Every structure is written in structure tokens, then in C-alpha cells.
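Scroll down for the structure; my scribbles are underneath it.
The values are calculated or read from the model by the stated rules, or taken from the named source; none is laboratory data. Please read all numbers here as calculations on a predicted model, not as lab measurements. As a convention, Cβ positions derive from the backbone with ideal geometry for all residues, glycine included, and neighbour counts pool all protein chains shown.
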Amino acid sequence: MSNNLDSSTNAVAASKDSDQKGEKIIDEGRIVAAAICAHIPTMVLPIEVRMKMGGGKDTTLVAGLHRIREKLDQLSPDTLVIVDTHWFTTTEHVVAGANRYQGIYTSPELPRVIKDLPYDYEGAPELAALIHQVGKERGVPTTNATNSSIAREYPTLNILRFLHQGEKVLSVGVCQTAELDDFLEFGAVIAEAIRRSGQRVAFIGAGALSHRFYPLKEIPNHLGFSAEDIISKEARAMDESIIEAWQHGDHALVIDLYPRFKQFSPEAFFAHYLILAGAMGGRDWHDKGVKMSDYESSLGTGEVHIWFDLEGGL
């Protein structure tokens, strides 16, 4: 890890404390909630379709998002920051900094499942501008995309369908040329911007664990949600190791496991977690995760909701 990351991460960690609500305080701005959330298309299907896919059992991911929303209600964030694992960038980290996003979305990946979905939500332009400013100060390449016509992706929209209650929303892309330290550094940039913003932020990484699908001809045999349908025993074991480390608050172990985890194709290079971890202190982050759903399969991929209990502080 670079010296710049060490110093920025330490500065973020040193500035965090716990108040009576158990929030992470970053000076004026606060990260009041942190979570990893699955965004599978199945969640937006009618329950009778989900039950049929699950052989009479519904996915626990829908109920899990409702539980997460209940927790957000207790914390009253004014902004949702969502790392969107379908929004890939190439030459820099990009945030969506327009004032408002309106439109109708049909997924090019799964137009039969997610189609003609209207969306209309307020952006977080001030926070986006601060992220870009801090990035420039620290030599971390960023772009603040202020054009409201930029394409939306369904990890953001699916999460908003369940969690959005009028908060500002900032979608964050995944730079496909970035590596481990780049993601952690970018997370620290976002944390510093939040500190300066005065906003109460819920930070959500919208993505899966291992992320390999069954071959096309085999997919009909693996439509259920049981972990027995994960693509391989090895991928399941690695996912479960990550979840266990999260539950113990051992984020240093999760980060150190990353080179091995890459063999199992974590979604979007695991950027949704690594950027979040960078914002929370990197290897110095110790808050424990709580499962808000079962660990499930979606066509072979590993899916789970994890809520990080911020009561303990750093």
C-alpha cells in the first residue's frame, strides 16, 4: 500500500469516533450506515415467480432489504452512496454528479426481467464535486460526470427500489483498470469528501461475492436460491470465509484474502467492498458484519446482504 494511502487512511481513522447513537463520525460529515447489498434481478419479479424459481421457497434477499431499510429509518441518512458494480469505467474513478436523474430503464442484459422501470431521484452534486476535489488534491484520478443523461445501471436502481425514501443518491462507478490499493485509496477520498460535506451518508456496496454463472444449457437446472447451487464448492468455501471474516470484523483478513478471492471472480473485482473498506479505514476497520439475508445462489453466483454494525467505532 502506498504512503499516500497509509496517511489518508490513518487520517480518516483518527477522525472517526462514536457518538451516543453509535455512528461513525467523520468531523462535520458522517457515515451513519455501511452495507453490502445484493442486487439480483430476481428481486423485482412478482413473489409467485420467485417462489416458482425457488421450488416453493422465496429468496431471503427481498425481506433482507426491508430489514436494512428499517435500520436506515433509525439513522436518517440524507444521502445514499452506492457503488454500482455494473457501471464500469476505464481511465479514472467516476461519480454521477448531476442534480437529478429521471428516465425509464430496461436492462440490456435481462430485458425480459427488468423492463420499462421508471426512476426519478435527486442526485448529490455537492458531494460529487467534493470527491473530485479531494481526488485532485491526492492525485487520485476522478471524473465528476454532471450530465444527467449518463446511463443508469440496475444495481443502483434495484437498490433504490427497496431502500430509497427521498434521500439524495450518488452512484459510484468501478474503474476496471484499478487494483486493490486504487480502490482503497478511492474509498479514502470519498470518506474525506463526506467529512467536508456535512452530509449523513449511508454507504452501500451493491454487488455479489463470487460471480460465475452456469453455462447457458445448465442454467435451467440452477434457478433456485439455495447455496447448494453455488457454481463450485471452492467458490462457496471462499465466499463463506469472507462472510465469516466480516462477521468477526476482520477486514484486514478480507483485504489480505483478495489475491486468492480473485480466482473466483468476485463481482466487479470486489470493488464495491474495497471502496467501502477504504472509506472506513482499510485494514484498520474493525466493525462487525451482520447477515441480513441467507447466503444464496443466483445462477451460481454468491449473494448476501451484510449490515456493518458501526456501534463499536475504530
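Things worth noting here:
- Test for ILE219: is it out of contact with any helix residue (DSSP H, G or I) (no Cβ under 9 Å at 6 or more places or on another chain), surrounded by fewer than 24 Cβ atoms within 10 Å (Cβ to Cβ) and modelled with pLDDT of 95 or more: yes
- Within the range 171-181, the residues that satisfy the criterion of being closer than 15 Å to PHE88 by Cα and in contact with a Pro (Cβ under 9 Å, 6 or more places away or on another chain) are SER171, CYS175.
- Scanning the range 50-82 for residues that are surrounded by 15 or more Cβ atoms within 10 Å (Cβ to Cβ) and of a type in the set (S, T, N, Q), we see that the one that is nearest to PRO220 (Cα to Cα) is THR59.
- Flag if ILE204 is part of a helix (DSSP H, G or I) and touching a strand residue (DSSP E or B) at 6+ places or on another chain (Cβ under 8 Å): no
- Residue check for LEU276: crowded, with 24+ Cβ neighbours inside 10 Å, of a type in the set (A, V, I, L, M) and closer than 22 Å to ILE82 by Cα: yes
- Candidates GLU218, GLU185: the one that is closer than 30 Å to ILE47 by Cβ and either in a helix (DSSP H, G or I) or not aromatic (Phe, Trp, Tyr) (or both) is GLU218.
- Verdict on ALA227 being within 30 Å of LYS136 (Cα to Cα) and either surrounded by fewer than 17 Cβ atoms within 10 Å (Cβ to Cβ) or not β-branched (Val, Ile, Thr) (or both): no
- The range 93-108, residues that are in contact (Cβ under 8 Å) with a residue 60 or more places away in the chain and either surrounded by fewer than 17 Cβ atoms within 10 Å (Cβ to Cβ) or more than 27 Å from VAL134 (Cα to Cα) (or both): SER107
- Residue within the range 123-135 that is touching a Lys or Arg at 6+ places or on another chain (Cβ under 7 Å), more than 30 Å from PRO259 (Cβ to Cβ), without any contact (Cβ under 8 Å) to a residue 60 or more places away in the chain and surrounded by 14 or more Cβ atoms within 10 Å (Cβ to Cβ) present: yes
- From the list ALA252, ALA268, the lone residue that is closer than 16 Å to GLY302 by Cβ, in a helix (DSSP H, G or I) and not acidic (Asp, Glu) is ALA268.
- When each of VAL83, VAL113, VAL94 is tested for being out of contact with any strand residue (DSSP E or B) (no Cβ under 7 Å at 6 or more places or on another chain), of a type in the set (Val, Ile, Thr) and either at pLDDT 95 or above or under 24 Å from ALA35 (Cβ atoms) (or both), the lone residue that passes is VAL113.
- Of the residues making up the range 12-41, those that are in a helix (DSSP H, G or I), surrounded by 14 or more Cβ atoms within 10 Å (Cβ to Cβ) and modelled with pLDDT under 95 are VAL12, ALA13, SER15.
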